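Got a structure for you, questions after.
The values are calculated or read from the model by the stated rules, or taken from the named source; none is laboratory data. Treat the numbers as computed from the prediction; the structure is a model and nothing was measured. When we count neighbours, we look across all protein chains shown, and the Cβ atoms used for this are built from the backbone with ideal geometry, even at glycine. Quick note on the areas: whole protein, heavy atoms, side chains included, nothing else; ligands and nucleic acids left out. Shrake-Rupley method; radii C 1.70, N 1.55, O 1.52, S 1.80 Å.
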Amino acid sequence: MSEIWRGYEFIGGHVVLDLVNTLSWRRDQARLRDRLTDDGFRAEWLERVGLAPDSSLADLASLREILFRVLTEPEPARADLAGLQRWVLTAQRRARIATAVPLRWELDPSAPAVLVLALAAEELLRSPEAARIRECEGTGCGWLFLDSSRNRSRRWCSSGDCGNRERVRRHAQRQRVIRSG
């Protein structure tokens, strides 16, 4: 595994969330890592999710950042909603209706991957799964995932990663309180 893949996992539960998660440590500027800027990662990521490695960094990053803000802000900015609308309408203009019930769009295989991702985002946002999108509670993480736990109580992108870090942090905090008390 190349260095650029270290620390990246497909944990979002949906390709759109995995796209958003290509920016690691989003809420911690000191650890921020944008994997899409690596041409090799970008091409391999697109291949792993079944898309042609034909979309530009600028297009993928633009869609990714709009999606993050739309999915995490209680009241997304008009500019972000308009940006998402532009991506979806551009994709729909190039698509055809594959099935009517349920409605499903299909793009020609030659369409840029970013348009396939825009349609996938539109489908996710219209689905009941949209209510299960969560942001990891790990300090600085910012990764998104679909909470498929039975009681919808999943807190971390990965229990073994952010979850473990939070448990260690809380334990250390308790130990400091005991020692100082």
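Scan segment 87-112 and report the pairs whose first residue is within 14 Å of residue 126 (Cβ to Cβ) and whose second residue is loosely packed, with under 12 Cβ neighbours inside 10 Å, with Cβ atoms within less than 9 Å and a gap of 6+ or a chain change.
Partner pairs satisfying both residue conditions: 103/97; 103/126; 104/97; 104/98; 105/96; 105/97; 105/98.
Right, something else. Which pairs turn up if I take residues in segment 123-147 that are at positive phi and look for partners that are not aromatic (Phe, Trp, Tyr) with beta carbon separation below 7 Å, at least 6 apart in sequence or on another chain?
140/27; 140/28; 140/31; 142/26; 142/27; 142/135; 142/136
Only one of these conditions is not met by residue 145: (1) outside any helix (DSSP H, G or I); (2) closer than 17 Å to residue 7 by Cα; (3) open to solvent by 40 Å² or more (accessible area, probe 1.4 Å). Which number is it?
Failing condition for residue 145: (3).
Of everything in segment 51-76, what is farther than 24 Å from residue 132 by Cα and not hydrophobic (A, V, I, L, M, F, W, C)? Give them in sequence order.
53, 54, 55, 56, 59
Considering only residues that are surrounded by fewer than 19 Cβ atoms within 10 Å (Cβ to Cβ), more than 11 Å from the chain's Cα centre (by Cα) and not charged (D, E, K, R), look in segment 71-84 and name the one that is modelled with the lowest pLDDT. Show your work before the answer.
Going through segment 71-84, the residues surrounded by fewer than 19 Cβ atoms within 10 Å (Cβ to Cβ) turn out to be 72-82.
Pick out the ones that are also more than 11 Å from the chain's Cα centre (by Cα) and you get 73-82.
Among the residues that remain, those that are also not charged (D, E, K, R) are: 74, 76-77, 79, 81-82.
Details: 74: 94, 76: 97, 77: 98, 79: 98, 81: 98, 82: 98.
The residue in question is 74.
Could you tell me whether residue 122 is modelled with pLDDT of 95 or more, within 17 Å of residue 69 (Cα to Cα) and of a type outside the set (A, V, I, L, M)? Spell out how you get there, then give the answer.
Numbers: modelled with pLDDT of 95 or more: yes; within 17 Å of residue 69 (Cα to Cα): yes; of a type outside the set (A, V, I, L, M): yes.
Yes; evaluated as a whole, the condition is true for this residue.
From 153, 110, grab the single residue that is part of a loop (DSSP other than H, G, I, E, B), among the polar types (S, T, N, Q) and either open to solvent by less than 70 Å² (accessible area, probe 1.4 Å) or in contact with a Ser or Thr (Cβ under 6 Å, 6 or more places away or on another chain) (or both).
Answer to the check: 153.
So which of 34, 39 is out of contact with any helix residue (DSSP H, G or I) (no Cβ under 7 Å at 6 or more places or on another chain) and farther than 21 Å from residue 110 by Cα?
34
May I pose another question? Of 54, 59, 18, which residue is open to solvent by 50 Å² or more (accessible area, probe 1.4 Å) and not in a loop (DSSP other than H, G, I, E, B)?
59
So in segment 113-129, with the set limited to residues that are over 21 Å from residue 61 (Cα atoms) and of a type outside the set (S, T, N, Q), which one is least open to solvent (accessible area, probe 1.4 Å)?
Looking at residues that are over 21 Å from residue 61 (Cα atoms) and of a type outside the set (S, T, N, Q), I get 129.
Kindly provide the set of residues from segment 68-86 that are over 19 Å from residue 116 (Cα atoms) and either of a type in the set (Lys, Arg) or touching a residue at least 24 places away in the same chain (Cβ under 8 Å) (or both), ordered by number.
Result: 69, 72, 78.
Quick check on this structure: which one of 167, 94, 174, 104 is in contact with a helix residue (DSSP H, G or I) (Cβ under 7 Å, 6 or more places away or on another chain), open to solvent by 70 Å² or more (accessible area, probe 1.4 Å) and not aliphatic (A, V, I, L, M)?
94
With the requirement that a residue be within 24 Å of residue 110 (Cα to Cα) and hydroxyl-bearing (Ser, Thr, Tyr), what does segment 42-92 give you?
Correct list: 55, 56, 62, 90.
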